[in-house]
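Below is one structure, written out as structure tokens; comments come after it.
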Amino acid sequence: MSFFSKIFNNSEKSVDPEIQFGRFTDSYKEDEKYQCWDKSIDNFENEKYLTSYAMFFDFLAIDGQNNVQYTQSQGKISFTIYQGSKIIYGDADFARFRAEARIVKSPKPNLGLMRLLLEENFGLKYTRYSIDEENCICLKFDTYVEDGSPHKIYQALKELATQADRKDDVLIHNFEELIPINFNHTRQISIQEKKVKFDFFTSNVRKVLHEIDHGKLNTYLYPGGISYLLLDFLYKIDFLIKPEGTLMEVVRACNELYFTDNMTSVHDKNKEMIRKVRQLEKTSFDEFEKELYEVNSTFGMSMPEGHQRLAEIIDAQMNDFDWYYENKYFAYANGICGYVVGYSLYSYSLPEPSKDLLKLYYRITENQFFQALGFSDAFISGDVFHKNKIKTAIASVITKNSGRYPGLKINSKMLQYDDISSFLKSFLMMIRHIEYPEE
């Protein structure tokens with residue numbers, strides 16, 4: 001039974017489709033895994049390097065996922081790690097630790113590609129691009145075992161794995177002569193699911209561009225409203241569709257532009273994001289469906305944070321919400337709420353109850369999308385909320401997390417059903433005031 005089945009279904013006879021939403025995170029592991037980490041550290045400090053690496057791979061392994069495999073014999077440990085569409089192979093002996101991921105095959109490497117990879121090498125901390133004897137573009141890492149502490153190995157393998165996974169589809173899209181490799185382990189999803197997601201994608205592209213082009217807001221005076229709309233759209237697409245190639249890269253690039261570029265004005269940031277979204281409008285179904293597949297992963301990208309960080313994000317945005325709502329710019333007020341949810345899920349690995357409620361937000365607000373995918377419960381019809389179903393779903397979040405968070409309190413009485421915007425704000429405020437048990 002899927003995540004949404006466990007939370008939203010009350011009937012055992014009703015089973016929702018097994019569809020994954022959101023990116024993989026490795027922030028929360030069982031206590032046994034952290035014991036493996038401690039043993040890896042202890043063995044490394046006692047110069048038992050291969051035993052340390054064996055415990056390290058036990059720490060990385062996810063039960064039932066088969067994401068990490070290793071063998072140890074005759075003074076050598078060999079390993080395989082799965083990260084999205086890429087496979088990392090490596091080994092270690094008493095002298096060195098080595099790891100490599102083949103990204104794409106390049107029969108005739110061109111100057112533009114080589115220059116791109118050379119420039120990207122300067123931004124890497126542990127790894128480097130190279131070309132092997134079969135003309136495959138690879139990402140490599142190696143170190144002497146004396147310098148290869150579990151902390152360093154973790155950071156190096158994470159960089160190698162996530163960079164390789166991110167680059168293959170992007171390079172193939174930009175350089176037609178490249179040939180994909182090592183992709184047979186990915187799992188295809190149904191054509192029907194892809195069509196539903198494509199319709200959702202194209203309708204949301206049109207919706208956000210229509211509001212930007214024809215909305216009544218003075219965007220010169222209030223550029224933040226446009227930023228909210230764009231980021232809400234991008235984070236929503238990333239979480240609900242989970243593309244693995246060029247679309248994922250667009251989201252990453254816009255997120256990086258908006259939050260790390262301190263020299264560019266908000267107006268210019270909006271122009272660049274709008275330009276990228278207009279390019280997305282040209283995406284064909286053939287291009288789109290190639291980016292949708294399921295994978296196993298070992299390393300997550302989001303940072304672990306407690307509920308307080310989410311509360312701070314909500315508090316920071318509610319004054320803006322009130323201004324847009326009071327001035328009847330409802331699309332922008334709703335966009336602020338969507339931005340809070342999307343940014344929090346994209347950027348942070350939050351405690352499960354907080355994350356579950358953010359997912360429920362999408363389940364309610366994008367109800368038609370979930371219905372088209374085959375999910376059973378309807379939480380809203382037009383502008384009419386199904387209050388009992390919403391309250392039951394919230395109660396299910398408490399039940400689901402009662403083992404780890406006994407005494408968890410979520411006050412569904414805070415919800416307001418006067419209109420869509422009021423409900424969205426009240427839902428976020430309900431999340432803001434979750435009472436976690438004291439640890």
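With labels modelled as points extended 7 Å from the Cα through the Cβ direction, what inter-label distance (nm, one decimal) is found for Lys76 paired with Lys29?
About 2.6 nm separates the two model spin labels.
To the nearest 10 degrees, how steeply does helix 352-365 sit against the main Cα axis of the chain, on a 0 to 90 scale?
Here the helix axis deviates by roughly 50 degrees.
Pull out the extension gain between Glu146 and Gln188, defined as 0.36 nm times the separation in residues minus the alpha carbon to alpha carbon distance; nm, one decimal.
10.9 nm
When a/c reaches 1.5 or more, the comparison of a/b and b/c decides; with that in mind, is the stretch 189-432 rounded, prolate or oblate per its Cα gyration tensor?
Rounded, because the longest to shortest axis ratio a/c is under 1.5.
My understanding is that a pair violates if its Cα-Cα distance is over 26 Å; which of Lys282/Lys425; Lys194/Lys400; Lys29/Lys409; Lys207/Lys359; Lys207/Lys276 do that in this structure?
Check vs 26 Å cut-off fails for Lys282/Lys425; Lys194/Lys400.
Please identify every one of the GluC sites (Glu not before Pro) in the stretch 131-228 that sits in a loop by DSSP and has no more than 16 other beta carbons within 10 Å of its own beta carbon.
Hits after loop and neighbour filter: Glu133, Glu134, Glu176, Glu177.
By a straight-distance test (C-alpha under 20 Å), which aspartates and glutamates pair with Lys391 as possible cross-link partners, with residues fewer than eight away in the same chain excluded?
The qualifying aspartates and glutamates are Glu12, Asp16, Glu352, Asp356, Glu366, Asp377, Asp383, Asp418, Asp419, Glu435.
GNM, the chain, Cα, under 10 Å: largest mean-square fluctuation among Leu415, Leu113, Leu139?
Looking only at Leu415, Leu113, Leu139, the largest GNM fluctuation is found for Leu113.
Which distance in Å, rounded to a whole number, links the C-alpha centroids of the stretch 285-322 and the stretch 231-283?
Each part's Cα centre sits 13 Å from the other's.
Determine one quarter of the surface area of the Cα convex hull of the chain, which equals its mean projected area, and express it in nm² to one decimal.
Mean projected area of the Cα convex hull: 23.2 nm².
Could you please state, rounded to a whole Å, how far the C-alpha centre of the stretch 422-439 is from the C-alpha centre of the stretch 135-152?
44 Å
No value in this document is a laboratory result; all are computed from the given coordinates. Predicted, not measured: the structure shown is a model, and the values here were computed from it. Don't worry about glycine lacking a Cβ; one is built from the backbone with ideal geometry, like all the others, and counts go over all protein chains shown.
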